[in-house]
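Here's the structure we're looking at; comments come further down.
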């Protein structure tokens with residue numbers, strides 16, 4: 001038995017001292033055949049609710065792993081409530097968006113089909129797999145919720161109007177993003193959303209619809225044209241830095 | 001002859017009304033065989049000094065294109081002076097870093113080899129190609145300068161000490177980035193640098209060396225662990241939003 005923590009895994013079951021946890025086929029394959037772990041090896045588990053736990057493998061077989069929880073390694077902590085709503089893009093860059101948005105602390109990833117969105121389907125399982133892997137690899141204690149894609153109009157109809165929505169307006173008509181984020185209602189990390197349009201931009205009628213929505217604040221991301229994946233990550237980073245939890249010191253050790 | 005601008009290309013020659021410009025083999029191949037353009041077609045050219053010009057193809061042959069400059073489309077404007085110094089990472093993610101950093105307005109890309117950097121060589125031609133393509137595609141009026149890679153110690157020796165260097169300190173010991181950027185000397189876009197460490201972090205002696213350097217300011221990028229490419233882009237976006245040119249309204253039309 002070693003004290004080394006071999007990897008971090010996201011699980012859905014409750015985590016508490018002494019509990020036994022089973023893993024499914026995919027994670028078992030990873031532990032057994034990729035990392036070549038056996039009984040006695042230790043991994044860290046997190047579920048987005050109960051913090052991070054050290055777990056020891058009791059047994060590992062064909063498609064199953066059984067572990068016992070030893071001790072809590074980090075407590076759960078509150079995370080910013082920032083939804084990223086984005087027009088889906090082609091495969092490599094949507095994977096990338098899911099990974100990076102997870103590192104940057106998005107709480108929800110929500111694809112939206114706008115008029116000029118060139119992608120017609122979104123594989124939400126793949127989005128979740130990318131988000132989960134990014135959370136496991138970068139010490140995050142939760143995995144963003146992946147919402148089912150919606151059409152632009154339906155999404156605005158369904159939007160909770162008490163939640164402000166920051167729209168990255170590629171026409172440059174918006175207010176500089178840091179100005180907006182350092183003022184109410186955004187200052188201090190109020191739960192909100194970020195909406196990023198497709199590569200070709202929003203259609204005029206979509207922009208009109210957004211500007212008429214009481215919960216929308218258009219922002220500008222500067223004088224250079226950004227690809228939509230760059231805009232999503234830049235806006236998220238700015239939000240965390242100016243309004244979110246990057247305004248605080250890092251609360252616990254991260255030499256994982 | 002059409003009024004449509006078919007593409008944007010970066011060139012090194014001077015640009016002025018009525019001048020004739022020649023393109024080399026690679027760009028000719030792109031115009032002739034990828035875009036299938038011929039005499040009369042119009043493209044936009046920029047060189048980082050003279051703004052963006054509309055140019056009409058006069059002739060296109062085997063390995064050469066001749067164009068005449070018609071009119072300036074956008075004037076050159078001052079761009080932020082922000083150097084990105086980063087530990088190189090493996091191929092797909094270093095390409096990505098060069099592209100995204102170009103969109104986010106880095107003026108210099110400078111690879112640095114730290115103790116824990118896992119990559120031993122950097123293809124600077126490839127970095128430049130990625131930066132150039134990103135500048136062409138996203139309406140930027142310049143291409144970042146690509147510096148030759150240096151070892152960590154040599155880079156700190158060579159660093160112009162009057163230029164502040166913001167170090168993204170993954171130990172969490174730094175001050176929150178938006179706090180630092182909204183105060184002197186950074187506020188208002190003072191020329192400076194951003195240093196991002198490798199995936200494994202800086203070695204202890206490297207951190208000591210940085211903390212002893214008068215020009216270094218350590219900053220924190222929040223409580224979640226970021227991959228180094230994510231950290232580079234997040235820090236650049238924060239710099240532009242809080243201290244750089246994202247604090248201004250967009251100065252000219254960008255429907256390119």
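Scoring residue A:39 on the criteria (1) exposed (fewer than 15 other Cβ atoms within 10 Å of the Cβ); (2) in contact with a helix residue (DSSP H, G or I) (Cβ under 9 Å, 6 or more places away or on another chain) leaves a single failure, condition (2). Residue under question is residue A:170, and the condition is that it be in contact (Cβ under 8 Å) with a residue 12 or more places away in the chain, at the interface with chain B (Cβ under 8 Å from one of its Cβ atoms) and under 26 Å from residue B:142 (Cβ atoms); does it hold? Against the criterion (in contact (Cβ under 8 Å) with a residue 12 or more places away in the chain, at the interface with chain B (Cβ under 8 Å from one of its Cβ atoms) and under 26 Å from residue B:142 (Cβ atoms)), residue A:170 qualifies. Every condition in (1) more than 23 Å from residue B:193 (Cα to Cα); (2) away from chain A (no Cβ under 12 Å) is met by residue B:139 except one, and the failing one is (2). Applying the set (1) under 28 Å from the mean Cα position of the chain (by Cα); (2) at pLDDT 95 or above to residue B:24 leaves exactly one unmet item: (2). When residues in region B:142-164 are screened for being under 14 Å from the mean Cα position of the chain (by Cα) and either farther than 16 Å from residue B:106 by Cα or within 13 Å of chain A (Cβ to nearest Cβ) (or both), 3 of them pass. One residue stands out in region A:225-245 among those that are in contact with a helix residue (DSSP H, G or I) (Cβ under 6 Å, 6 or more places away or on another chain) and part of a loop (DSSP other than H, G, I, E, B): the one that is nearest to residue B:245 (Cα to Cα), namely A:226. Please work out if residue B:198 is more than 14 Å from chain A (Cβ to nearest Cβ) and under 12 Å from residue B:243 (Cα atoms). Considered against the rule, which asks whether it is more than 14 Å from chain A (Cβ to nearest Cβ) and under 12 Å from residue B:243 (Cα atoms), residue B:198 comes out as no.
Residues of region B:179-192 that are touching a strand residue (DSSP E or B) at 6+ places or on another chain (Cβ under 9 Å) and within 14 Å of residue B:240 (Cβ to Cβ): B:181, B:186, B:189, B:191, B:192. Take the residues of region B:227-245 that are within 8 Å of another protein chain (Cβ to nearest Cβ) and at pLDDT below 95: which is surrounded by the fewest Cβ atoms within 10 Å (Cβ to Cβ)? Only one residue fits best here, namely B:227. Can you spot a residue in region A:123-132 that is in contact (Cβ under 8 Å) with a residue 24 or more places away in the chain and either farther than 30 Å from residue A:246 by Cβ or within 14 Å of chain B (Cβ to nearest Cβ) (or both)? Within region A:123-132, one or more residues are in contact (Cβ under 8 Å) with a residue 24 or more places away in the chain and either farther than 30 Å from residue A:246 by Cβ or within 14 Å of chain B (Cβ to nearest Cβ) (or both). A single entry from A:143, A:167 fulfils the requirement of being touching a helix residue (DSSP H, G or I) at 6+ places or on another chain (Cβ under 6 Å), assigned to a loop (DSSP other than H, G, I, E, B) and surrounded by 15 or more Cβ atoms within 10 Å (Cβ to Cβ): A:143. Taking strands (runs of 3 or more DSSP E) as the structural unit, those lying wholly within region B:45-109 and holding at least 1 residues that are surrounded by fewer than 17 Cβ atoms within 10 Å (Cβ to Cβ) and assigned by TED's automatic domain parsing to the domain that holds residue B:35 correspond to B:52-60, B:65-74.
The values are calculated or read from the model by the stated rules, or taken from the named source; none is laboratory data. The structure displayed is predicted, hence computed values, not measured ones. Because the Cβ atoms are built from the backbone with ideal geometry, glycine has one as well, and the counts that use them run over all protein chains shown.
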